[in-house]
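One structure is given below, encoded as structure tokens.
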Amino acid sequence: MTDITKAYQLAQEKYAKIGVDTEAVLQALDQIKISMHVWQGDDVQGFLSDEALSGGISVTGNYPGKATNPEQLRQDLHEAYSLIPGHHKLNLHAIYLDTDEKVDLNEIEPRHFASWVDWAKKEGLGLDFNPTFFSHPMFKDGFTLASPDKEVRDFWIEHGKRSRKIAEYFGRELGEVCVNNFWVPDGYKDNPIDRLTPRKRLAESLDEIFAEKLDENYTLDAVESKLFGLGAEAYTVGSHEFYMGYGLTRDKLICLDAGHFHPTEVISNKLSSLALFSKGVFLHVSRPVRWDSDHVVIMDDELQEIAKELVRNQLLDQAHIGLDFFDATINRVAAWVVGTRNTQKALLKALLEPTDFLKEKELAGDFTARLVWTEELKDFPFADVWNYYCQQHNVPVGLDWYQEVLTYEKEVLAKRGE
Ligand code: RNT
Ligand code: ZN
């Protein structure tokens, strides 16, 4: 018996004493898929063009070894997934097409993404998708779907429609629903006179994109709001209120990005309300540092709070968990692994809570017990359960995964560009 198994057995006993069945918890954890975002792999560059990143988002850093073609990116993704326990999804963006044809965003078709489907099948991954409303010359004066220029709007409407066909194709091919997430950067740097008309145009453009009903077994549309972006500090057309209204009336998933709100506003507190009224949520688990900085997800309070809300309110079935961060100052594979494993760990920690018992205490007005228990639970040996889960899945435990990333860096990443 390994030390990891021994430590797990001790932890199992401790949790059993407070009514938590660790075996059942591990089975539940195994059902949870994290949608890992392709764009951490190459600083949101993609393969459509050399166009610089725009749309009010930004990546800093130039860590060596960045993937510059689909093969390299898939190689890096494979490495990351091999260090993450469980079965997951990959979240693609339209700019990650893989084709020799010269196609623009308003011309993309499923066949331009066929290699990703083949690869996902081989790796046992599901796929999610995003139309790309940025890093393109048709992103004009900070506007796409809400542009006053009909030609600009029409270009992006066509792109949106085509993205849905690709998402449907992914879902059909893989037999697993593909969430197609719409984030539109449109906004103004300075105070606008007219806040209403751009919102009307955005709603109308989206209605046109969503006019065709697609099979929801294959694809679900999500809409992502934002408070502000670089260069769109004063006004973002697709605000939270806009998409709450839009998503609820059009029966779309609501995407909540942890970095898209005021600095002290948290998405964890929104999940229970959305559970009552929305079709479902798509999460962009991210980490804002003072602003929407998209830092790698760490085990902070908000991550744990998000996980607790999903578990305590039994929302795991209707929530789709995606990641959204991009850091080019560190090893990009390590960034994926840290963020994804942390998200899983936070979920595990939440699953290891005796929730029914705590709910009883709360209902009985015993707030002392609620406080004492939640504080003591922080010291319970959840890491021993996590290590055992990694061992079960033949994935390196603790710092061992980092050793593998270092080897990969030496043998693969460092040789790129030679
Ligand atoms: C931008 C949004 C959006 C993007 C991706 C690349 O602020 O968070 O989700 O990060 O589409
Ligand atoms: Zn996001």
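The values are calculated or read from the model by the stated rules, or taken from the named source; none is laboratory data. All of these numbers come straight from a predicted model, not from anything done at the bench. Backbone-built Cβ (ideal geometry, glycine too); neighbour counts: all protein chains shown. What goes into the accessible areas is simple: the full protein's heavy atoms, side chains included, and nothing from ligands, DNA or RNA. Shrake-Rupley method; radii C 1.70, N 1.55, O 1.52, S 1.80 Å.
Some values worked out for this structure:
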quantity	calculated
Some residue of region 276-298 being of a type in the set (D, E, K, R), in contact with a helix residue (DSSP H, G or I) (Cβ under 7 Å, 6 or more places away or on another chain), over 28 Å from residue 376 (Cβ atoms) and within 16 Å of ligand 2 (Cβ to nearest atom)	no
Any hit, region 14-37, residues being within 16 Å of ligand 1 (Cβ to nearest atom) and assigned to a loop (DSSP other than H, G, I, E, B)	no
Candidate set from region 105-117 (those that are open to solvent by 50 Å² or more (accessible area, probe 1.4 Å) and within 25 Å of the chain's Cα centre (by Cα)); member that is nearest to residue 133 (Cα to Cα)	109
Odd one out for residue 206 among (1) in contact with a strand residue (DSSP E or B) (Cβ under 9 Å, 6 or more places away or on another chain); (2) open to solvent by 20 Å² or more (accessible area, probe 1.4 Å); (3) under 16 Å from residue 249 (Cβ atoms)	(2)
Candidate set: region 228-254, residues that are among the aliphatic types (A, V, I, L, M), within 17 Å of residue 282 (Cα to Cα) and open to solvent by 20 Å² or more (accessible area, probe 1.4 Å); chosen: the one nearest to ligand 2 (Cβ to nearest atom)	244
Residue among 259, 322 that is within 16 Å of ligand 2 (Cβ to nearest atom), under 23 Å from residue 66 (Cβ atoms), open to solvent by less than 20 Å² (accessible area, probe 1.4 Å) and not in a loop (DSSP other than H, G, I, E, B)	322
Failed item, numbered, when residue 153 is tested on (1) under 25 Å from residue 96 (Cβ atoms); (2) away from ligand 1 (no atom under 16 Å from the Cβ); (3) open to solvent by 60 Å² or more (accessible area, probe 1.4 Å)	(3)
Unique match (being more than 26 Å from residue 194 (Cα to Cα) and part of a strand (DSSP E or B)) among 103, 117, 179	179
